[in-house]
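Where a number appears in this text, it was derived from the coordinates with a stated rule and is not lab data. Since the model is a prediction, treat every value here as computed from it, not as a measurement. Here the Cβ positions follow ideal geometry from the backbone for every residue, glycine too, while neighbour counts run over all protein chains shown.
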Amino acid sequence: INQLVVAKNFETQNNLPVMCGEWGSYKTYSDVNSRCNYAAVIKNTLDSFNIPNMMWEWDQGFSFFNGITSA
């Protein structure tokens, strides 16, 4: 959270937009529930700071969007 505060302060002080270029998780290293929890926390936190962002899902076809889970 501290880094997001720094980013928002930079945005305000310099009148420049701040964006989180990408964030995500890799299915190979975590279970579906952990990945979903992580996605919710990151998205909600970035939204609370009004920071636009882009999520990636490494080589999985964005199953978060179409509801397909394969552990």
Worksheet item: Does anything in region 27-44 have its amide N under 14 Å from the 7 Å Cα→Cβ label point of Trp56, and if so which residues?
Response: 27
Response to the item:
For Lys43 and Met19, extending 7 Å from Cα along the Cα-Cβ vector and measuring point to point gives, in nm, a value of 1.9 nm
